[in-house]
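Peer 1: Got a structure for you, written out below as structure tokens; questions coming shortly.
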Amino acid sequence: MASVWDGVHGQERAVAALVGAAAHPVHAYLFVGPPGSTQRAAARAFAALLLTGGTDDPELRDARLALRGEHPDVREVERVGASISKEQVTEIIRQASMAPVEGARQVMILHELHRLDANAAARLLKTVEEPPPATVFVILADTITPDLVTIASRCVQVDFGPVPSEVIERVLVAEGAPPDAAATAAAAATGNLERARLLVGDPDLQHRREVFAGVPRRLDGTGHLVVAVCHELFALIDTAAAPLTERQAAEIAALDADAKATGERGGRRKSVEERHRRELRRHRTDELRSGLATMAASYRDALVDVSPHARPDALAEAVMRIHRTIETLDRNPNEMLQLQHLLLDLPSL
């Protein structure tokens, strides 16, 4: 039987909590979990239950529109720019104060609120703490940042974890992917279902993994080689964005066709293009993070080498250095310089 939760995968505890919450909802919920953990689908599914009075039927009009992101009483707010600014929060507050268009309740879904700056957080706090009676906030964040702590304390927190690789593999196969390709994409996606859906149609995925895995055997301690290897790796990463750019181009074409048919001036196009730029940036970071994890695996494999030439301390330190670099990627560093610095410090296998 079809369910509003069909787009949410590997999050049984979160779904169970939200099904119970829909019967007697409070004013604000905070979904915390990594990218690709199907938070967005869960937010829309929860909104569908709130609008249908808890009826789990995706064919009901309210549920169908909410799941597609088209219900007039479900307002979704995407980040504009590098962070969610005080000006954008002013608009969120304005929308939250408006009466529902059709029913007795409206749902405000706020995406990427871990990108909230301090001034914006202070301004939003009062509204999240005491929203209008008809408004329910559903806030999505990758992590609880210092600026989000106070808002988080006013919300019911629902945790989402990375989607297990075996679940991702099953989803991809059910969507028509060959089993071998699904297994490779699931392993490379590190719990991110959306990323896995891009990777499963990528014919160069296995080659990229092999190139990253082979980097430790190519290093010779010279800067010349490191520069050459880094340019090679980033060229592979740029090529890997092709499926995403094709999907984005199709979305823009559909948006333009819809605008032409309705006579809209194209106001939505700017926000969509900004989202596309964020998606490409995240895709690039995810590719580098995945590649570095593959490189770390090469050093871990070398740790089991019992030959007299094995250097356990140096190899273990290499794994730690790589994972420290992976952690810094969330801070938007100069990735080329970061990778060059890392490779200069790594031992050769």
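Peer 1: Expressed as a fraction of 2.2 N^0.38 Å, the rule-of-thumb size for a compact globular protein of N residues, what is the C-alpha radius of gyration of the range 204-345?
Peer 2: 1.37
Peer 1: Turning to a different aspect of this structure: Tell me the label-point distance for the pair L255, T143, using the 7 Å Cα-to-Cβ offset, in nm and rounded to one decimal.
Peer 2: Placing both labels 7 Å along Cα→Cβ, they lie 2.9 nm apart.
Peer 1: In whole Hz, what ³J(HN,Hα) sequence does the range 125-133 give by Karplus (6.51, -1.76, 1.60; θ = phi - 60°), x for Gly and Pro?
Peer 2: In residue order, the calculated couplings are 3, 4, 5, 5, 5, 9, x, x, x Hz.
Peer 1: Can I ask one more? Give the angle, between 0 and 90 degrees and rounded to the nearest 10, that separates the Cα long axis of helix 312-328 from the longest principal axis of the Cα atoms of the chain.
Peer 2: 30 degrees
Peer 1: Ok, one more. Any idea how far the Cα center of the range 191-214 sits from the one of the range 276-296, in Å?
Peer 2: 10 Å
Peer 1: Still on this structure, please answer the following. In terms of modelled amide H atoms, which long-range or inter-chain residues lie less than 5 Å from the amide H of E76?
Peer 2: Placed amide hydrogens put I109 under 5 Å from E76.
Peer 1: Another question, then. Please report the Cα spread of the range 92-249 along all three principal axes, rounded to whole Å, starting with the longest.
Peer 2: Principal axes ranked by extent give 62, 42, 30 Å for the Cα atoms.
Peer 1: Using the beta-carbon distance between S97 and R300 and R0 = 41 Å, what value does 1/(1 + (r/R0)^6) give for FRET efficiency, to the nearest 0.05?
Peer 2: Details: r = 54 Å, r/R0 = 1.31.
My answer for the efficiency is 0.15.
Peer 1: Here's a follow-up. In nm², what is the average projected area of the convex hull enclosing the Cα atoms of the range 217-299? Walk me through the numbers before you get to the answer.
Peer 2: Details: hull surface 26.9 nm².
Result: a mean projected hull area of 6.7 nm².
Peer 1: With N set to the residue count of the chain, report its C-alpha Rg divided by 2.2 N^0.38 Å to two decimal places.
Peer 2: Working: Rg = 22.5 Å, N = 349, 2.2 N^0.38 = 20.4 Å.
For the chain, the normalised Cα radius of gyration comes out at 1.11.
Peer 1: Once the Cα atoms of helix 205-218 and of the chain are each reduced to a long axis, what angle between those two axes, in degrees from 0 to 90 to the nearest 10, is obtained?
Peer 2: 40 degrees
Peer 1: Find the centroid of the Cα atoms in the range 120-141 and in the range 233-248, then give the distance between the two in whole Å.
Peer 2: Each part reduced to its Cα centre gives a spacing of 37 Å.
Peer 1: For the range 204-345, with only Lys/Arg (+1) and Asp/Glu (-1) charged at the beta-carbon, what is the dipole magnitude about the Cα centre, in debye rounded to 20? Each step should come with its number before you reach the end.
Peer 2: Values: 22 positive and 23 negative charges, 88 e Å.
That gives the range 204-345 a dipole magnitude of about 420 debye.
Peer 1: Can you give me the angle between helix 242-262 and the longest principal axis of the chain, using Cα atoms only, in degrees from 0 to 90, rounded to the nearest 10?
Peer 2: Roughly 20 degrees between the two axes.
Peer 1: Right, another one. Could you let me know the centre-to-centre spacing of the range 6-29 and the range 146-186, using Cα atoms, in angstrom?
Peer 2: The distance from the Cα centre of the range 6-29 to that of the range 146-186 comes to 15 Å.
Peer 1: Still on this structure, I have one more. What is the set of long-range amide H partners of I139 at a cut-off below 5 Å, with H atoms built 1.01 Å from backbone N?
Peer 2: Placed amide hydrogens put Y29, L30, F31, L110 under 5 Å from I139.
Peer 1: Now for a separate question. First measure r as the distance between the Cβ atoms of R218 and R13, then evaluate 1/(1 + (r/R0)^6) with R0 = 41 Å and state the FRET efficiency to the nearest 0.05. Please report the intermediate quantities before stating the final value.
Peer 2: On the way: r = 44 Å, r/R0 = 1.06.
Once rounded, the FRET efficiency stands at 0.40.
FYI, it's all coordinate maths here, none of it is from the lab. These numbers come from a predicted model, not from an experiment. As a convention, Cβ positions derive from the backbone with ideal geometry for all residues, glycine included, and neighbour counts pool all protein chains shown.
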